[in-house]
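Accompanying notes for the structure given below.
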Amino acid sequence: MNSQNQRRIRLEEEFETNAANPPKKWIRGVNLGGWLLAEQFITPYLFAVNSCHVQGDLCWYPGQIGAPEDNDNWCDPEKCRPVQKFVQEDGNADYHPKGAEPYLGYPMDEMTLGQTFDRKDIAHEYMERHWDTFLNKQHLIDLKEAGVTHLRVPMGFWVRGNVQDGEPFIGGSWPYFARMVDWCREIGLEVWADLHGAPGSQNGFDNSGYLLEPHTCMGWSDRAENVARTVEILRDIVVNGIVGEGMTDVVTGVGLLNEPMLDCDQDVLRQYYNDGLEIVRSAMGKDTSVFVGDMFQSWRFNDGFWDDEPNTFLDTHQYHVFFEMGRAFTPRQHIAYLCRHNSEEVVACCYEDAPNNTIPTVNGIQKIVGEWTGAYDQLPTAVAPYVMEVIGETGVAPRLNRTLSRARMRFLENFVKAQMVVYEAKEDTVSHGWFFWNFHMEGGAYAEWDFLRGVKEGWMPKLPPPTVASEDLFGSCLDIYNRTNNDYSTTIDEYPDPSDLDWTKNQGWDATDDFVLDDPSAPERLYGPIEPNHRNVSPWLFIVAVVATGLWFSYRRRSMRRQDYESLK
């Protein structure tokens, strides 16, 4: 028996003997993303609609999730031609490649996926096959055995068929949600239903059903009819769906709105949150968990919001992969960024004595990290166009059988353990746990997002019992930092290559303010002045000293690259 298993047993025994003072129970969940609200990077083959599909011939691609083992209806690339009719361009608000030109491509979101089909009946049959096969009972059994306690289930506003004339969304997935609830009842998993997409889109992300440029909330918060419609959709899901169909013993949480964008009207959003809370409380009772998106700035809600509402959670999402500087981090810089920066974001809310932030709320709203992942150096919005292009050309997804090196998996294990420790924020007591994104992925291109693959390959650790903090089993963030190998060459494989980026445009936020500027020996910041860190970070200065040399060489590497790019121009 290894030392970590011995430690796990000892901690379980200690908590069992302390029954008079029951310990906190951590939420350790996984998202069922890409299922009831499809996303291209999770299921690229689903979005690779071809001429056979739109005519009702539902052939399968090689390696497609859900394809029967005895399938004899494979898509013939010569016969089944790509349906690519949507104007799109590589890049987004935080990623700009060089020389990006508009082109015609596959559908990018559920709105354009529905528009691909001329016949609604064929579109529904196509999506029904996905709902039926992407998630199965064995997935849930495997998640339970890995120590998962909760499932967060993203869904679009059309999940129960609320589709108006002219809207291309394909409703009808609710029976599959109900089937999943039955499985969870048998297996012993709790379900948190999450309204991921609202009419008009609360963020303009593809995960809302609409991919918009620029990403914005104005199509929702600035249109009263869309907000009012969302209230009624939520009421239908809760009252007629969850309560009406007897699911409340399994569905113990409801998410009112996922990732509302920064430009949401705060008054409109908070009123909607209050209306949604009233719907859930009236129908499901005070013990049901209610969680809400933090607009990517959780500190905004550290002003007494819901400080007297128990079983409520402010949902924050943490990713290292959506900014170029993060993708270029060394392995230890990733852990240091977690220990220093992400830890501050987790504890930015919620307190009874804000802005002093010394008394965490006890009977009011707390934090939950609703999304995080193992991905750290490969941007999915850059990989996805390449994957879809190759499918269109060959009929087979690239990197389908991609394998991870041992060095990469060793770092992944430390990376996910450090995130579990940081997102639980044991010492600050403001957080109640987390949900990993995602339960599984199609193919190998996005392996680091795949929880079940991580379990099989060993880089996703067996989770502690709910009453044991991850820090008690895995050590502190600093402990994990100290045992992380900092070999850049065997661990980091940045994509897209910085030489392919347009450096005259934004490539995501900057991170040096968190663990470089406080060090007087660190190099001058590349992008100009920034306000000093507002938090007292002195306990972490020695981390900066340790990584300063690595940061300097990383900076020099990036600086020399950019000089080369300029000379090439």
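Using modelled backbone amide H atoms (1.01 Å from N, in-plane), which distant-in-sequence or interchain residues come within less than 5 Å of PHE86's amide H?
Here GLY105 satisfy the definition.
Give the label of the value calculated from the structure for Cα Rg over 2.2 N^0.38 Å, choosing from (i) 1.08; (ii) 0.95; (iii) 1.15.
Recomputing Cα Rg over 2.2 N^0.38 Å here gives the entry labelled (ii).
Quick one: Karplus J couplings for the stretch 109-121, per residue in order, coefficients 6.51, -1.76, 1.60, θ = phi - 60°, nearest Hz, x for Gly and Pro?
8, 5, 5, 6, 4, x, 5, 5, 9, 7, 10, 5, 5
Which value in nm describes the separation of the simple spin-label points at ASN240 and LYS137, placed 7 Å from the Cα toward the beta carbon?
Calculated label separation equals 2.9 nm.
How would VAL290, VAL455 rank on accessible area, largest to smallest, probe 1.4 Å?
These residues rank, largest area first, as VAL455, VAL290.
What are the aspartates and glutamates whose alpha-carbon lies under 14 Å from the alpha-carbon of LYS85, with same-chain residues fewer than 8 places away excluded?
ASP109, ASP118, GLU389
If you roll a 1.4 angstrom probe over the protein chains with everything in place, what fraction of the accessible area of the chain belongs to carbon and sulfur, to the nearest %?
Its accessible area is 50 percent carbon and sulfur atoms.
Could you give the length gained by full extension between LYS120 and GLU344, i.e. 0.36 nm per residue of separation minus their alpha carbon distance, to one decimal place?
75.9 nm
If contacts are Cα pairs under 8 angstrom and at least 6 residues apart, what is the relative contact order of the chain in percent?
Worked out over the chain, it gives 17 percent.
Compare ARG327, ARG185, ARG332 by solvent-accessible area with a 1.4 Å probe and give them largest first, with all protein chains kept in place.
From most exposed to least exposed: ARG185, ARG332, ARG327.
Quote to one decimal, in nm, the extra length available between LEU104 and SER51 on full extension: 0.36 nm per residue of separation minus the C-alpha distance between them.
Gain in length upon complete extension: 17.5 nm.
Sort out for me the Cα centre separation of the stretch 64-101 from the stretch 120-139, rounded to whole Å.
18
Could you list, in their original order, any pairs among LYS79/LYS120; LYS25/LYS367; LYS25/LYS462; LYS24/LYS456; LYS144/LYS367 whose Cα atoms are separated by more than 25 Å?
LYS24/LYS456
Can you pull out the cysteines in the chain that have no other Cys Cβ under 4.7 Å?
CYS184
Can you compute the FRET efficiency between GLU232 and ASP479 using 1/(1 + (r/R0)^6), with r the Cβ-Cβ distance and R0 = 45 Å? Round to the nearest 0.05.
Efficiency, from the Cβ-Cβ distance: 0.35.
Based on the Cβ-Cβ distance of VAL396 and LYS426, what FRET efficiency does E = 1/(1 + (r/R0)^6) give at R0 = 41 Å, to the nearest 0.05?
0.35
Rounded to the nearest 500, what is the 222 nm mean residue ellipticity of the chain from helices alone, with -39500 (n - 2.57) per DSSP H run of 4+ residues and division by all residues?
Helix-only estimate at 222 nm: -10500 deg cm²/dmol.
Skip the ligands, DNA and RNA, and give the accessible area per residue of the chain with a 1.4 Å probe, whole Å².
Result: 40 Å² of accessible area for each residue.
Could you grab the relative contact order for the stretch 290-400? Cα pairs under 8 Å, six or more apart, rounded to a whole percent.
33
Check which residues have an amide H placed less than 5 Å from PHE291's amide H, if you skip close sequence neighbours.
Under 5 Å from the amide H of PHE291 lie the amide H atoms of VAL254, GLY255, LEU256, PHE313, each far enough along the sequence or on another chain.
How would LYS456, LYS85 rank on accessible area, largest to smallest, probe 1.4 Å?
Reading off the accessible areas and sorting them downward yields LYS456, LYS85.
Report the full-extension gain for the segment ASN73 to SER489: residue separation times 0.36 nm, less the Cα-Cα distance, to one decimal in nm.
145.5 nm
Please give the FRET efficiency for VAL87 paired with ASP500, using the beta carbon to beta carbon distance and R0 = 22 Å, rounded to the nearest 0.05.
Working from the Cβ atoms, E equals 0.55.
I'd like the accessible area for ILE65: 1.4 Å probe, protein heavy atoms, all chains in place, Å² to the nearest 10.
40
Using modelled backbone amide H atoms (1.01 Å from N, in-plane), which distant-in-sequence or interchain residues come within less than 5 Å of SER431's amide H?
Under 5 Å from the amide H of SER431 lie the amide H atoms of LYS367, each far enough along the sequence or on another chain.
Compute, for LEU135, the solvent-accessible surface of its heavy atoms (probe 1.4 Å) with the complete set of protein chains present, and express it in square angstrom to the nearest 10.
The value for LEU135 is about 0 Å².
Take every Cα pair under 8 Å in the stretch 114-209 that's 6+ residues apart, average their separations, divide by the length, and report that relative contact order as a whole percent.
Relative contact order, the stretch 114-209: 33 percent.
Just to be sure I follow the definition: excluding the sites themselves, where is the longest run in the chain that has none of the chymotrypsin sites (Phe, Trp or Tyr not before Pro) in a DSSP loop with at most 14 other Cβ atoms within 10 Å?
1-295
The values are calculated or read from the model by the stated rules, or taken from the named source; none is laboratory data. All values derive from a computational prediction rather than experimental measurement. We place every Cβ from the backbone using ideal geometry, glycine too, and count neighbours over all the protein chains shown. With ligands, DNA and RNA removed, areas are computed over all heavy atoms of the protein, side chains included. Shrake-Rupley method; radii C 1.70, N 1.55, O 1.52, S 1.80 Å.
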